[in-house]
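Please treat every number below as a calculation from the coordinates, not as lab data. Everything quoted here is computed from the prediction, not taken from an experiment. A quick note on method: Cβ atoms are made from the backbone with ideal geometry, for glycine too, and the neighbour counts reach across all protein chains shown.
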Amino acid sequence: MNRKKLQKLTDTLTKNCKHFNKFEVQCLINLFYNLVGDVTERQGMVTGLDRNAFRNILHMTFGMTDDMIMDRVFRGFDKDNDGCVNVSEWISGLSVFLRGTLEEKMKYCFEVFDLNGDGFISKEEMFHMLKNSLLKQPSEEDPDEGIKDLVEITLKKMDHDHDGKLSFSDYEQAVREETLLLEAFGPCLPDPKSEMEFEAQVFKDPNEFNDI
Amino acid sequence: MGVALTRSAQWTAAGYGTRTLEITPLNEAILKEIMMFVESFIYKYPQEARYVFVEPLEWKTDLDPSAFESGYIVGETTVKSEEVDENGQPLLFLSVPHIKIRNFGQLSRFLLIAKDTKLKEAQACVEANRDPVAKILGLDYNTMKEDTSTVNILEEVTKGEDSENEIKMKIARLLSQLDLHLLNHSLKHISLEISLNPTSVKNDIEMLKNFSGKGEQTVLESISYTSDYEFSNGCRAPPWRQIHGEICYVLVKPHDVETLCITCSAEGVFLNGGKTDNEGEINYERKGEIYKDLVTFLKEKSAKFSENMSKQEKRFSNKKEKKEPTNEPPEKEEAAPVQKAITGSGKRTLEKNQINFGKSQMTKRLEPSLSWKATVRFKEYRSLLRDPQEEKHRRRPERSGPSVKLGRAQLVRKSTEKIEEIVSESSSESEEDEEPLDRQEANADLPSEYWQIQKLVKYLKGGNQTATVIALCSMKDFNLAQETCQLAIRDVGGLEVLINLLDTDEVKCKIGSLKILKEISHNPQIRRNIVDLGGLPVMVNTLDSPHKSLKCLAAETIANVAKFRRARQAVRRYGGITKLVALLDCGKSSAEPAQSSLYDARDVEVARCGALALWSCSKSYTNKEAIRKAGGIPLLARLLKTSHENMLIPVVGTLQECASEENYRAAIKAERIIENLVKNLNSENEQLQEHCAMAIYQCAEDKETRDLVRLHGGLKRLASLLDNTDNKERLAAVTGAIWKCSISKENVTKFREYKAIETLVGLLTDQPEEVLVNVVGALGECCQDYENRVLVRKCGGIPPLVNLLVGVNQALLVNVTKAVGACAVEPESMMIIDRLDGVRLLWSLLKNPHPEVKASAAWALCPCIQNTKDAGEMVRSFVGGLELVVNLLKSDNKEVLASVCAAITNIAKDQENLAVITDRGVVPLLSKLANTNNDKLRRHLAEAISHCCMWGRNRVAFGEYKAVAPLVHYLKSDDPNVHRATAQALYQLSEDADNCVTIHENGAVKLLLDMVGSTDQDLQEAAAGCISNIRRLALATEKVAIRRVSYSPLSPSTKKSKLPKYCLMSSWTLTTLHVGNLLCLEHPHMNLKIYRQRGAGVAQSVKRPTSARSQSRGPGVRAPRQVLG
C-alpha cells in the first residue's frame, strides 16, 4: 500500500472515530496490516482478519479464553458479517473495545451476549454462556443445577420487567445500578491490565513505527 | 415480660429524662420476640385479643395518620379505630404523635400497619410503658404474676366465674409464658459471656508446663502455681478470693520479660499486684487488662512466647487430642458449665448466693467445696428455666470437646477476639460470639437469607470470574446493614473468600468484594473477624492499586475496620498510614471530569476516602504520630481549603482527633489551619460545624490560637451557633470551643458583645452533661470579669449554677465550683449564693472523692467567706465543717492542700473559728506541710500560717512543730507571691523569741534585708517588721551579754575573717568594735547595724526612718540561752 493511500485512509478513519487521534489511528492501521500479513493487494478482494486470526489476537493479546464469547466478539467487530474484520471495522471495533463510553460498551456487550440477535438475552442464552462458570462438584446430583440457579439469580437481579428474559433496557438499567454487571455473562472486554499493555505497545513512539 | 424487661434488657444508664433501651443485639432480640408475640396474638387468641386493657398503652409514635386504612376513622391529625369498647370509646386513638391502644387486637393491627418501623414502635412502646403487664391486667395481677407459682394462677382461674376474668387469667398466663420465653432467650446470649473455669485453666497450665524449661525452643522459662493445694472444685485461690470468681494464681517467667504474677479468674486472666513481701501473700488487685485466657495473655506480654508458641502450634494440637480423654472427672465438668450459665441468668439471686456462701465459708473454713455452691444454684436455676434450656447446657460439656480440638490457631484467634471485646467495646457484643455450630442448633428457624447467602458463598468459592461477579452483585442486594446477613456471611465462611478475592488479579472481583466488605464491616464483630483473617494487609496493599475506585473502596473499608485498637495497629504495621496519607495528595487537576469507567474515580473522592480512613486510624496515639511523620498535616491543610462538605468532615474529624497532641497543635498553627476551621464553622452542615468546633476546642488551649479564632471572626459564629440547641453533640462542641476561647480576656469581651453570656446562662438548664460542663466552664472563665459577673447575676444565672452543685459528674463539678467561686467575688451575687445555701453545697463538695473537685470547691469557698457579712457565723453553722477542712490537710494532692490552706486563711480571719480549728489541730498539720517545693502551696501555706498565728500560743506551737526553718527557705523561691506571704508569716512568727532565733539561725536576715528594698509595700513592711523583731531580741540580749563578756579586743586581722561573707562583699564597714565576742557592723546607707558573736549567728537590726509603725506588740524579752552560748 502506498503512502498516499495510507494517508487518505488514516484521514477518513480518524474522522469517523472519536476515541483515537490521528496518530493512534495510524498506529492501529499499521498494526492491522502487520497482522493481516503480506496478502497481496488485489482489487475487489477483501483484506482482513478472519475468525481464527481474530480469535488468536483476542486470546494472545487480551487473554480471553471462552470460545463462544470470542466468537461473539468477532461478530461484534465484523459489522458487515462478511466473515472477516477489515480495517475500518478494526478501528471502530477497537475504539469501543478499548475506549468506549459506558453507553457504547453496554451496547456492544449486549450484542455480544444476545447470541441469536433477537434483542433479548434469554434464559437459554444465559445458561449457555454460564455453563462453564462453576466448578463441577461430582457430589451433586444435577451438575447443571448450580448454573440454573445462577441464571435465576441473574434474572432476579437484572430482569426488571419480570418477563423472564433480558431486554436491552433491563440490561442497561442493571448496569447503571451496578457497573460490575457490564460483563455479566463473560469477559468480552479487555481487562484493564492487558488493555494498558496493548496500548502501551501499539502507541509507541512514532519514530519506532516509521520503519514498519 | 415484666421480669425479662427489668432484668435482662439493657437499659441505658440513667441520664436526663426517660431511660431508653440501648441498641444492643440482645435488646433487639427481645423486642423482636415481643413483636412476634403481639403480631400473632390476633390470630392465635382472637377472643383474648378483644380484651380491653385496664389502662391504655401510651407512647409517642412516628406513624402518620395516613398509614391507617380500613377499620379506622382517619382525620387530619387523629385516628380512631372503628372498634370500640362498651362505653363507645375507640380502642385505638392516635392524636399525633401520641397513641393510645387498649387491646391486643389493635396492638397487633398497629404493628402490621407500622411495617418497617415496627421495631422502632415496639421499642418506643416498651420504653414508655415500663410495666406493661400492670397496665394490661391491672396492678394486682402484676404482683400476683411475680410470685411464679402457677398454682396460684390456676386456682384463681378455676374460681373465676365470669368469662372476663377467665380471659384475663388466660392473658396473664400467656404473658408469663412470654416472659419465660424472653428470659430463656436472653439467657442464651448472656451465658456465653463467661469464659473460664477451673478445668480449662488447669489444662492450659499443664500444657504450658510441658513446653517450659530452659533453652530457646521452649515457650516459657517456667510456670508454676503459687499454691500447691487444690480445692475439690479445682480452684487454688483461697476461698475468700474464690467468691470473686478467682480460680488460681500463677507465676510465669517468660524468656524476655520479668516474672509475671497472674490471676486466673472466671472473667479471664489478668496481671495482679504480685507477691507482697510479707509471708508470700499476693496483692490481689488487678493491674492490667483482662484477657480471655492464659495463652492470649502471654502472647500479648511476651513476644518470645508468641513466636515459639506458633512454632509449637502443631504439636500442641496433637497433644491436646491425645490428652483429651483422660482430662478430668466428669462431675467437675458438669458443675462448671452450670455455674457458667447461671452467672448470667438471675444476677440478683446469684449475688445473694455469693454472700451466703461467703459467710458460711467463714464459719466452716476447712475445705470448701464450690460444687456445693453449684448444686444449690443449679436447683434455683432449674426452677427458672424450662427443659430445652437445661438440655442445652447439659450438652455443653460434650460440645466443648471438639471445640478444643479445633486447633490452636483457631482457638487463639477466638480468644483474641474476646479480649478485644473486653478491652475496647461495650460488653453487649460478646454474646454474639457464638460458633456457627451453636447458631445452627440454637435457632432451628434460620432466616431464609442465611441459606441464600450460603449458596452465594458456594458460588463464590466454586465459580469463575463471571460467576463470582454475579454472586457478589447478588450478595450486595441483601440488606447488608442487617446483622443477620452480616453474620450469615461470616458463618458460612464468606469472609475468608471475600478476603481471598482481594489477593487475586481480578479487579472486578476485588471491587465487588470490597463493596460488600465495606458494608458489613460496620458490624464490630465482623471487623474483628476481618482483622483476624488477615484482611488488613491485603487491603493496605490494595491502596497501591492503579485503579482509583479500588483505592477508594479499600480506604473506605479500612475506615470501617480500623475502629478498634488492634486494627489500627495493624494498619500502621503494614504501612497503611503512609499509603493513606499519599491518597490525600489528590493531584492538581481537581477539575477533571467524572469518569464513568468502572475502574476510575475522581481524585477528590480518593482523597475523601483516604481522609475517612485516617480519621478512623487517628484515634490512637501512635497513628497520630505516624500521620504527622508521613506528612499528613500539610495535605490535610490543603484539603481543608476545598469546599466539599463530604471531604471536609473526615478532614476536620482527623484534625480534631489529632489536635489532642501538642505536636499537632503546633503544626496546625503553623499550617494556618485555624483560619479554615473558622471558615468551615460557617458551613451549613451541622456535622462539619461540630467537628470544627471540636477542633477549635482542642486547639484553643493555646493562647495564640485563641487570638487567631478571634481575628478570623470565629467568635461571632460560635456565639450564633449557640442559638440552635437541638443537636446536642454540636452544642457540646460549640460550647467547648467557647469555653476554651474565653480563657483569653479579649475573647470574653467579644463574647459579651455578641450576647453569648446571656445565651450561655440560658443553657444552664435542661442540657446533657457534656454541654453543661462546657457551658459552666465558659461561664467560669467569663466571670473573671466584673461586668460579666454582673451580667450573669442579672440574667438569673446564679440559681441554676448553684443547683448544679448537687451533681455527680466530676468535670462538671470542677467547672461549677469554679464558676460559683468566680461569681462569689461580687458581694451582691454572694448574697444570692448564700440565700440558695450555695456555701453549704460547696462545703459538702469537700467530701467529694475526686481531688480536683475538692480543690476546686475549696478555692470557691475562699471568696465566699470573704464576701459574706457574717462569714464567721456562717462557717460555724456547718456542723463538722471546720473539722472537715482541717482534715483535708492530710490529703496528698498539692492542689487540694493549696486550696485548703487558702480556705483556712480565710476561715482564720474569724477569731472564734480560728480557735476551733486550732483545737482541731490545724497547727501540726500545717507544720507538717512546710517542707514542700511547690510554690503555689508554699504561698498559701505561708498565708495560712501567718493567719493562724493570731491565736493563743500558736506562734510558739509552729516553732515547736518545726515549721519555721522551712519557711525561711521559701524566701529563696522565685515567686514574689511566695516572698510576700512568707515574710508576713515570718513577721508573725518572729513575735516569739524562740522563733526569732530559728529564723536568724537559718539565715533569713540577709534575705529579708533584700526584701526590705522590694517595691511591694506589704512585703517591705513584713520583712522590716520581722527584722525589727529580731533586732529587739538582739538588743535585749546585748544588754545581758555586755555584762558578761571580758574586754579583750580582737585584732583587726582576725576580725575580718570572723565576719560573715556578705560583710566582706558589700559596702559594710566595721565601725565599732565592741568588747569580747560581740562585733558591730554598720551599713553606711541603711543605717543598719549588725552584731556578731563568736560561734553564733548574726543578729541584725534596722532603724528604718520610714518605719513609723507602732511596734507595741513587742516580744516577750526573754534572753535566749542559745544566743548567750
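Quick check on the exposure proxy: order B:LYS1006, B:LYS135, A:LYS5 from fewest to most C-beta atoms within 10 angstrom. All intermediate terms of the calculation are to be shown ahead of the outcome.
Values: B:LYS1006 15, B:LYS135 18, A:LYS5 10.
Arranged by neighbour count, lowest to highest, B:LYS1006, B:LYS135, A:LYS5 become A:LYS5, B:LYS1006, B:LYS135.
Peptides B:571-582, B:737-748: what's the order by average Cβ count within 10 Å, highest mean first? Mind showing how you got there, number by number?
Numbers: B:571-582: 21.6, B:737-748: 23.3.
Per-residue mean Cβ counts within 10 Å order the peptides as B:737-748, B:571-582.
Using a Förster distance of 60 Å, how high is the FRET efficiency between B:ARG565 and B:ASP935, based on the Cβ-Cβ distance and rounded to 0.05? Display every interim value, and only then the final one.
On the way: r = 40 Å, r/R0 = 0.66.
Using R0 = 60 Å, I get an efficiency of 0.90.
Listed highest first by mean packing, meaning other Cβ atoms within 10 Å per residue, what order do B:992-999, B:838-845 come in? Please report the intermediate quantities before stating the final value.
Numbers: B:992-999: 24.6, B:838-845: 21.5.
By packing density, highest mean first, the sequence is B:992-999, B:838-845.
Taking 7 Å along the Cα-to-C-beta vector as the label spot, tell me the B:GLU873-B:ARG50 distance in nanometres, rounded to one decimal.
Simple spin-label model gives 7.6 nm for this pair.
Looking only at other chains, what is the average number of their beta-carbon atoms within 10 angstrom of each beta-carbon in B:469-480? List each step's numbers first, then the result.
Working: counts 9, 13, 5, 2, 11, 7, 1, 4, 5, 0, 0, 0.
That average works out to 5.
Taking neighbour Cβ counts within 10 Å as the exposure measure, how do B:GLU221, B:GLU121 sort from fewest upward? Walk me through the intermediate numbers first.
Details: B:GLU221 17, B:GLU121 22.
Fewest to most other Cβ atoms nearby, the residues stand as B:GLU221, B:GLU121.
In peptide A:147-156, what is the residue-averaged number of other protein chain Cβ atoms found within 10 Å of each Cβ? Could the numbers behind the result be given before it?
Values: counts 3, 0, 4, 9, 1, 1, 11, 6, 0, 2.
Average neighbour count from other chains, rounded to a whole number: 4.
Quick check: pseudo-label points 7 Å beyond the Cα along Cα→Cβ at A:GLN7 and A:ASP67, how many nm apart are they?
Rounded to a tenth, the inter-label distance reads 4.7 nm.
Which helices, taking whole DSSP H runs in chain A, have alpha carbons extending 27 angstrom or more along the helix axis plus mean Kyte-Doolittle at least -0.5?
Values: long enough: none.
Span-like helices here: none at all.
If you take each beta carbon of peptide A:176-183 and count the beta carbons of other chains within 10 angstrom, what is the mean?
On the way: counts 1, 3, 9, 8, 12, 5, 3, 5.
Mean inter-chain Cβ contacts per residue within 10 Å come to 6.
If each DSSP helix of 4+ residues adds -39,500 (n - 2.57) and the sum is divided by the residues in chain A, what number results at 222 nm, nearest 500 deg cm²/dmol? Present the calculation step by step, with values, prior to reporting the outcome.
On the way: 11 runs with 124 residues, N = 212.
The per-residue figure over chain A is -18000 deg cm²/dmol.
Just want the ordering: B:GLU671, B:GLU704, from fewest to most Cβ atoms lying within 10 Å of their own Cβ.
Details: B:GLU671 19, B:GLU704 14.
Ordered from fewest to most neighbouring Cβ atoms within 10 Å, B:GLU671, B:GLU704 come out as B:GLU704, B:GLU671.
B:TYR225 versus B:GLU86, label points 7 Å from Cα toward the beta carbon: distance in nm?
7.1 nm
Show me the ranking of peptides B:1020-1026, B:545-551 by mean Cβ neighbours inside 10 Å, starting with the highest.
Details: B:1020-1026: 23.7, B:545-551: 19.4.
For the peptides B:1020-1026, B:545-551, the packing ranking is B:1020-1026, B:545-551.
So how strong a dipole does the range B:446-590 carry about its Cα centre when Lys and Arg Cβ are +1 and Asp and Glu Cβ are -1, to the nearest 20 debye?
Working: 21 positive and 13 negative charges, 93 e Å.
About 440 debye.
Looking at B:ALA626, B:THR654, B:HIS644, which one has the Cα that reaches farthest to the positive end of the dipole of the range B:600-655 (charges on Cβ: Lys, Arg +1; Asp, Glu -1)?
Of B:ALA626, B:THR654, B:HIS644, it is B:ALA626.
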